[in-house]
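Following: one structure in structure tokens, then a few remarks.
The values are calculated or read from the model by the stated rules, or taken from the named source; none is laboratory data. Quantities reported herein were computed from a predicted structural model and do not represent experimental measurements. Here the Cβ is made from the backbone with ideal geometry for all residues, glycine too, and neighbour counts use every protein chain on show. Surface accessibility is based on the protein's heavy atoms, side chains included, excluding ligands, DNA and RNA. Shrake-Rupley method; radii C 1.70, N 1.55, O 1.52, S 1.80 Å.
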Amino acid sequence: MAHDFAKLSVTKRFAAYMRQFSDIPYAADTADIIQARPAFEAFLRPHKLIPEDLHFYAPYFEARHKAISAAIQRVNPRQVLEIGAGLSPRGLTLSEDGRIFYVETDLEAMIGEKRALLAALTRRHRLPARNNLRNVAADALELDQLLAAANYFKSGQRLVVVHEGLLQYLSSSETEQVARNIHHLLGKFGGTWITPDFSLKSDSAHISDQQKYFRQVLHDATERTLYDNAFDSIEHLREYFRGLGFQVEVISQLYLAPDLTSLQKLRLPPETLDPLRPKLRLWSLTRLA
């Protein structure tokens with residue numbers, strides 16, 4: 001079954017644009033190669049916005065990316081599956097460790113773009129060929145496609161499943177299907193599910209008019225309602241995932257990634273982070289015994 005996720009590609013380019021202001025490896029090169037700024041300018045122009053209007057988002061994307069990478073490394077992984085990897089350079093960075101086998105998945109069109117990006121980065125940095133990074137077309141809602149991507153992994157070795165910027169655009173039923181798919185994968189391999197994508201209804205309270213407007217812009221572009229699957233509270237979230245067979249832990253992204261260079265690069269005041277701090281959570285889930 002095909003799902004209408006192709007329009008979400010604009011969000012992958014938005015993330016790539018924002019990550020360039022950090023010191024995340026290959027992030028600036030990625031933004032340059034895909035021409036992120038001209039594309040973002042063209043996207044925003046009809047809405048009377050320019051990229052600088054949204055630079056306050058840059059620390060959010062930097063913290064999210066760095067926290068996930070730190071959490072992955074904390075569990076000493078040997079196998080990582082990133083769902084909806086988009087244009088993220090995480091797989092390229094973590095697969096520099098030859099002990100880690102990293103598989104990135106996304107929709108077919110995005111995977112084609114990702115392969116071209118990786119080829120360009122490899123040429124630009126004269127990177128050696130590596131056999132422990134794979135890019136596979138797979139729909140997050142289709143278990144058979146995820147299982148096909150997981151054929152690269154060794155049974156008996158624990159798996160880390162990650163994604164960022166995916167679930168915010170899904171309905172409650174779609175979120176449940178993704179969770180069931182990951183539960184099946186972890187039943188096969190063991191391991192951990194790491195994501196920042198769960199949100200609480202209170203997270204949308206007291207956001208700025210600029211944020212409200214941009215969320216509407218994204219809604220119109222993706223035909224998806226952001227945070228339609230938000231939870232009433234952390235306890236509500238725990239109970240929900242307990243019902244799906246998961247144990248949930250939560251940690252601050254800023255605890256894992258305290259040093260954010262985008263604040264200095266963009267000359268943003270430190271208080272830019274204040275409204276974000278309570279929302280910058282990272283969730284770690286394991287299967288219940």
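Excluding same-chain neighbours fewer than eight residues apart, the aspartates and glutamates reachable from K265 by a Cα-Cα span under 15 Å are D23, E52, E62. Under 28 Å between alpha carbons, and skipping anything fewer than 8 positions from K7 in its own chain: which lysines qualify? Hits, sequence-local ones excluded: K48, K66, K114, K201, K212, K279.
Solvent-accessible surface of protein heavy atoms, probed at 1.4 angstrom with all chains present, puts I33, I194 in the order I33, I194, largest first.
Give the carbon-plus-sulfur fraction of the accessible surface of region 202-243 in %, rounded to a whole number; probe 1.4 Å, heavy atoms of protein chains only. Numbers along the way, then the final one.
Values: 1090 of 2420 Å².
With neighbouring chains kept in place, the figure for region 202-243 is 45 percent.
Reported to the nearest whole Å, the Cα centre-to-centre distance from region 89-145 to region 1-64 is 19.
Averaging sequence separations of C-alpha pairs under 8 Å and six or more residues apart, then dividing by the length of the chain, give the relative contact order as a whole percent.
That works out to 22 percent.
With n ≥ 4 as the cut-off for DSSP H runs, can you work out [θ] at 222 nm for the chain, using -39500 (n - 2.57) per run divided by the number of residues, rounded to the nearest 500?
Working: 12 runs with 124 residues, N = 289.
Helix-only estimate at 222 nm: -12500 deg cm²/dmol.
In the chain, taking the dipole from charged Cβ atoms about the Cα centre, the farthest positive-side position among I234, Q20, L170 is held by Q20. Highest-first packing order for the peptide set 223-234, 198-209 is 223-234, 198-209, based on the mean count of other beta carbon atoms within 10 Å.
When you count the other C-beta atoms within 10 angstrom of each residue and take the mean per peptide, 123-133, 246-256, 21-31 line up highest first as 21-31, 246-256, 123-133.
Mean separation of Cα pairs under 8 Å and 6+ residues apart, divided by the residue count of region 136-285: what relative contact order is that in percent?
Details: 163 pairs, mean separation 39.3, N = 150.
Here the relative contact order equals 26 percent.
Span-like helices, the chain: DSSP H, alpha-carbon axial extent 18 Å or more, mean Kyte-Doolittle -0.5 or greater, which ones? Result, helices passing both filters: 58-74, 108-125.
Classify the chain as rounded, prolate or oblate from the Cα gyration tensor: take a ≥ b ≥ c as the square roots of its eigenvalues, call it rounded if a/c is under 1.5, otherwise prolate when a/b beats b/c and oblate if not.
Values: a/c = 1.43, a/b = 1.13, b/c = 1.27.
In terms of gyration-tensor shape, rounded.
What order do E113, E239 take when sorted by accessible area (1.4 Å probe), most exposed first? List each step's numbers first, then the result.
Working: E113 55, E239 100 Å².
Descending order: E239, E113.
With all protein chains kept in place, the per residue accessible area of the chain amounts to 45 square angstrom at a probe of 1.4 angstrom. For region 57-163, the share of accessible area belonging to carbon and sulfur comes to 48 percent (1.4 Å probe, ligands and nucleic acids excluded). Between the residues P128, V75, A58, the greatest Cα displacement towards the positive end of the dipole of region 56-211, with unit charges on the Cβ of Lys, Arg, Asp and Glu, is found for P128.
I'd like to compare 161-172, 70-81: which one has the highest average count of other Cβ atoms within 10 Å, and what's the full order after that? Could the numbers behind the result be given before it?
Values: 161-172: 21.5, 70-81: 18.6.
Those peptides, ordered most packed to least, come out 161-172, 70-81.
Near L133, the amide H atoms lying under 5 Å from its own belong to Y102; only residues 5 or more places off or on other chains count, and H is placed 1.01 Å from N.
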